Structure formats: structure tokens, C-alpha cells
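Student: Have a look at the structure that comes next, please.
The values are calculated or read from the model by the stated rules, or taken from the named source; none is laboratory data. Bear in mind the structure is a predicted one, so any value in this text is a computation, not a measurement. Cβ sites come from the backbone with ideal geometry, for glycine too, and all protein chains shown count toward neighbours. Surface areas here come from the heavy atoms of the whole protein model, side chains and all, with no ligands, DNA or RNA. Shrake-Rupley method; radii C 1.70, N 1.55, O 1.52, S 1.80 Å.
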Amino acid sequence: MSFSEEGTLTGFRSPQITSRNKRLTYSRHKDYFMKHKDKGRNRFVVIGDSPRDAVIADELPGESLTFGFYDGLKAWAKEDEYIAAYDVIIRNGDGHLIVEQFKGIFDFQKHS
């Protein structure tokens, strides 16, 4: 993601990370991750809407906090799978609450 000087989301960088390629992100961009790890930035937030999305956290070089959006609408995804996969479960469309919390906790600075 790209942010303005005020911390407002202004767009997305390429290549975008999607549900189809997110598991490959670390292996494809190790140099990027190692550059930031060497600068002491090795904490990650992983957000997903299916239990398998949390798997990426296992590959990242550092500490991860995982958030899973669970609305109960996917017949194939059971709540206990979300609980096992994620550190935090966000239920029934309350995702906007976590975004507001992120704004208060994270320092959205530009990092090259």
C-alpha cells in the first residue's frame, strides 16, 4: 500500500498481493524483506478471510499477528478453523473497527 504524508491510503504498489499469490510473496521478494529486517522492521500483520490465509505468517522472517475476518457465510469454513488459524477473529463485518485501531497504533511512514 502507498500512503500520503498525512497517512491516508493513496493506492497500491505493484505487484499486488492477492489470495492467489500471497503464499509466494516472501519467496519472490526475500531481498525486500531482508532489507527491512536488517533495519529492525521485522513485525508483520497478516489479514485474511479464510483459514488458509494465515499460513503466510509461518514463512515470514519475524513476528506476525494474524487477523481473520469471519462472517459465518462460507459453508466450507468453520469457526473453529478460524480460531485455530488466527490470533484475532473479527466477526460479522466489524472490520472497520480494526482499521480505526490500526490508525491509532501504527505509524504510517514511507519506508523504502
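Student: Can you tell me which residue is farthest from the chain's Cα centre (by Cα) among those in the range 12-24 that are surrounded by 11 or more Cβ atoms within 10 Å (Cβ to Cβ) and among the basic types (Lys, Arg)?
Tutor: Checking each candidate, the answer is Arg23.
Student: Report yes if some residue within the range 30-46 is touching a helix residue (DSSP H, G or I) at 6+ places or on another chain (Cβ under 8 Å), over 23 Å from Gln101 (Cα atoms) and part of a helix (DSSP H, G or I); otherwise report no.
Tutor: yes
Student: What are the residue pairs meeting all of these: first residue in the range 39-54, first residue over 14 Å from Lys78 (Cα atoms), second residue open to solvent by less than 80 Å² (accessible area, probe 1.4 Å) and β-branched (Val, Ile, Thr), Cβ atoms under 6 Å, and 6 or more apart or on different chains?
Tutor: That search, which allows pairs on different chains as well, returns Val46/Ile56; Val46/Thr66; Ala54/Thr66.
Student: Related question: If you go through the range 25-68, how many residues are under 12 Å from the mean Cα position of the chain (by Cα) and more than 24 Å from Ile90 (Cβ to Cβ)?
Tutor: Here the count works out to 0.
Student: To continue, here is another question. Do you know which residues across the range 37-60 are modelled with pLDDT of 80 or more, more than 25 Å from Asp80 (Cβ to Cβ) and surrounded by 13 or more Cβ atoms within 10 Å (Cβ to Cβ)?
Tutor: Matches in the range 37-60: Asn42 only.
Student: For Arg13, all conditions in the list (1) in contact with a strand residue (DSSP E or B) (Cβ under 8 Å, 6 or more places away or on another chain); (2) modelled with pLDDT of 80 or more hold save one; what is the number of the exception?
Tutor: All conditions are met except number (2).
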